[in-house]
Amino acid sequence: MSIVVPAPGAAVAYVDPARRARVRARARRDALRGMVSLLAFVVVISVVVSLTPGWPAVRETFFNGQEFIATFPGLLKAFWLNVRIFLIAEPLILVVGLLVALARTLKSPLFLPARVVATLYVDIFRGVPTILVIFLLGFGVPALRLQGMPKDAVFWGTAALVLSYGAYVAEVFRAGIDSVHPSQRMAARSLGLSLLQTNRYVVLPQAVRNVVPPLLNDFISLQKDTALVAVLGPIEVLRRAQIDASSTFNYTPYVGAALIFIALTIPMTRFADWTQSRSRSRRRAGGVS
Amino acid sequence: MTTTLLGVNGVWKSFDDHPVLRGIDLTVERHQAVVLIGASGSGKSTLLRCINGLETVDAGSIFLDGDVEVTSFDTDLDAVRRRVGMVFQSYNLFPHMTVLENIVLGPQKVLGRQRRESVEIARGLLTRFGLDGKASEYPDRLSGGQAQRVAIVRALAMEPELMLFDEITSALDPLLVGEVLDAVRELKTAGLTLVMATHEMTFARDVADRVCFLHDGIVLEQGPPEQVFGHPQQAQTQLFLSRLAR
Ligand SMILES: Nc1ncnc2c1ncn2[C@@H]1O[C@H](COP(=O)(O)OP(=O)(O)O)[C@@H](O)[C@H]1O
Ligand SMILES: [Mg+2]
């Protein structure tokens, strides 16, 4: 095989094959070293942990294989309720958050009531712990015995999550709207677009794009906080684990429940990281705009 | 016979307690090109923004076409801005839209034009300004000179009677200034009325019908370019031009 060096100025991306081989060899060597060092670390930790006096008891209580096999299918089934709560709450939170954020940007005196209500809502629900809102709605409203009001714990638990997260997401959207440079509004207005058209076609699309990464992070927490609805009694995954654990005094079901949450949040976190780095590099490439 | 398109009469404007415009008078005839010069911070941008109502004035009046008072509280400013185009130093293209969408947004949403018609006009303008093949690019893929020409096309697609240019070449690589100035020259030839803030003196000499020097919040000196550049009457004008020449 003969190596042909292109003539100077040739329209090709030329890399010296010897250099390329060196670079690849170094990358392979680094990867191998990393794996070896990681493996050594895992071995050392495992040995240390298994030699610790309390380890057999810990393993029996938290990592019991039989318990795991017995309870895990039930946990998975119960988790389906968490998933449904999440899927119903998420779009409602987006709607509430966007409407509240928009209400807070209205300047006309006619909309003062909307602005006041929106501000109060955010102030209150950002200040109150989510679990407290769940208690208040889940136990409080059914206690009123109002005609036609649902008594379903899942309904009120979901409503509480929507109200609590709606306030956070409204703030995220507001930050997104603020992050659109004023010169964009100026350019839109100077084309003759009305205030409403400027918001709809120029400001909001950019605002929403800017807040996708923080929104994803909020949804990761929401996904975990569906477990808070357990305090109202419906058998979702945490409640299921609690019931299983209290019947055998073994805590493996809790670990099982934790694994289920982790299995869902890890991909979501990676996805959020990816969108974040992508939007950062896009903005860098954008330069002036 | 010429007719007045823009009349600025005794306009005052301050930010907080900092007076920027202190009784500006300016008249622009149809088909004229008027160049605003003045030190940075002398209020050129502020004046341009007052002309299309992006900024409210504190005193004085601005008339468009003799009968529409831009500065009146009852004027529909969206209607004024339909007739007045503006191009900015930093292009201000909408980054989430392609070049074509940037251009047809105004005609479709503001003028209520059909999509097909707007696209046709936009493509014609792109060709005219050497931007063939850029229609479906996003702004971040354009060079500064291309972006600024797209911004000009976007304003032009609204078929304005008056164009305001605010230092449209100041953010550009020197190599790209020429192509943007050529575009402006073409607009002037086509008979559009222009008011532009610029530091490009050679260009101003070439294209301007009148040069206005802004200083201390007023138009301190104005006249044909050969007079203002060649024989400036005011000491402040001489000082400004000598600094610029260096
Ligand atoms: N929106 C604003 N708020 C406060 N001060 C402003 C604002 N816009 C302009 N100014 C001030 O007004 C003065 C004139 O600015 P500008 O019109 O941009 O001048 P030029 O375009 O001639 O450089 C500057 O001192 C600037 O700081
Ligand atoms: Mg300026």
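Brief remarks follow.
- Secondary structure note: in the protein assembly as shown, about 55% of the DSSP beta bridges are antiparallel.
- Ligands, DNA and RNA excluded, the heavy atoms of A:ARG59 present near 120 Å² of accessible surface to a 1.4 Å solvent probe.
- Note on chain B: GNM, Cα springs under 10 Å; of B:HIS18, B:HIS231, B:HIS215, the largest mean-square fluctuation is that of B:HIS18.
- Considering only chain B, percent of DSSP beta bridges that pair antiparallel, nearest 5: 55 percent
- Span from the region B:183-209 Cα centroid across to the region B:1-76 one, whole angstrom: 19 Å
- Shape category assigned to region A:225-267 from the gyration tensor of Cα positions, a/c cut at 1.5: oblate
- Here's the picture: charge each Lys and Arg Cβ at +1 and each Asp and Glu Cβ at -1 in region A:1-101, and of A:GLY65, A:LEU39, A:PHE86 the one pushed furthest to the positive end of that dipole is A:LEU39.
- In Å², nearest 10: area of A:SER179 left accessible to a 1.4 Å probe: 70 Å²
- If you sort A:LYS107, A:LYS151 by accessible surface, 1.4 Å probe, largest first, the order is A:LYS107, A:LYS151.
- Accessible area per residue for region B:117-246, computed on protein heavy atoms with a 1.4 Å probe, is 44 Å².
- Close amide H contacts of B:VAL20 (hydrogens built in the peptide plane, cut-off under 5 Å, sequence separation of 5 or more or a different chain): B:LYS13, B:SER14, B:PHE15.
- Accessible-area value, A:MET35, 1.4 Å probe, nucleic acids and ligands omitted, Å²: 130 Å²
- Cα gyration tensor, chain A - rounded (a/c under 1.5), prolate or oblate: oblate
- Candidate lysines - alpha carbon under 30 Å from A:LYS107, same-chain residues fewer than 8 apart omitted: B:LYS13, B:LYS44, B:LYS109
- Between chain A and chain B, the total buried accessible area stands at approximately 2000 Å², from heavy atoms with a 1.4 Å probe.
- Three-way shape label, region B:156-202, alpha-carbon gyration tensor, a/c 1.5: prolate
- The distance between label points at A:GLN276 and B:GLN227 comes to 6.3 nm (points 7 Å beyond Cα on the Cα→Cβ vector).
- The length gained on full extension between A:SER50 and A:TRP80, counted as 0.36 nm times the residue separation minus their Cα-Cα distance, comes to 7.3 nm.
- Taken per residue, the accessible surface of region A:180-254 reaches 41 Å², heavy atoms only and a 1.4 Å probe.
- Each of B:THR75, B:CYS50, B:SER40 was placed along the dipole of region B:40-83 (beta-carbon charges, centred on the mean Cα), and the one lying farthest toward the positive end is B:SER40.
- For the protein assembly as shown, the share of accessible area belonging to carbon and sulfur comes to 60 percent (1.4 Å probe, ligands and nucleic acids excluded).
- At least 50 Å² of accessible area lost relative to the chain alone, listed for region B:132-174 with a 1.4 Å probe: B:ASP140
- The lysines whose alpha-carbon is closer than 30 Å to the alpha-carbon of A:LYS151, local same-chain residues fewer than 8 away aside, are A:LYS77, A:LYS224.
- Exposure ranking of A:TRP156, A:TRP80 by accessible area [1.4 Å probe, largest first]: A:TRP80, A:TRP156
- B:GLU159 versus B:LEU111: modelled label distance in nm, points set 7 Å from Cα along the beta carbon direction: 0.5 nm
- Span-rule helices in chain A, defined as complete DSSP H runs reaching 15 Å or more along the axis (Cα) with Kyte mean at least -1.0: A:17-51, A:65-105, A:112-127, A:153-179, A:204-225, A:237-248, A:252-286
- Relative to the Cα centre, the charge distribution of the protein assembly as shown, modelled as +1 at Lys and Arg Cβ and -1 at Asp and Glu Cβ, gives a dipole magnitude of about 2200 debye.
- About the centre of its Cα atoms, region A:65-279 shows a dipole size close to 680 debye [charges on the beta carbon of Lys, Arg (+1) and Asp, Glu (-1) only; nearest 20 debye].
The values are calculated or read from the model by the stated rules, or taken from the named source; none is laboratory data. Here the structure is a predicted model, which means the values were calculated and not measured. A quick note on method: Cβ atoms are made from the backbone with ideal geometry, for glycine too, and the neighbour counts reach across all protein chains shown. Quick note on the areas: whole protein, heavy atoms, side chains included, nothing else; ligands and nucleic acids left out. Shrake-Rupley method; radii C 1.70, N 1.55, O 1.52, S 1.80 Å.
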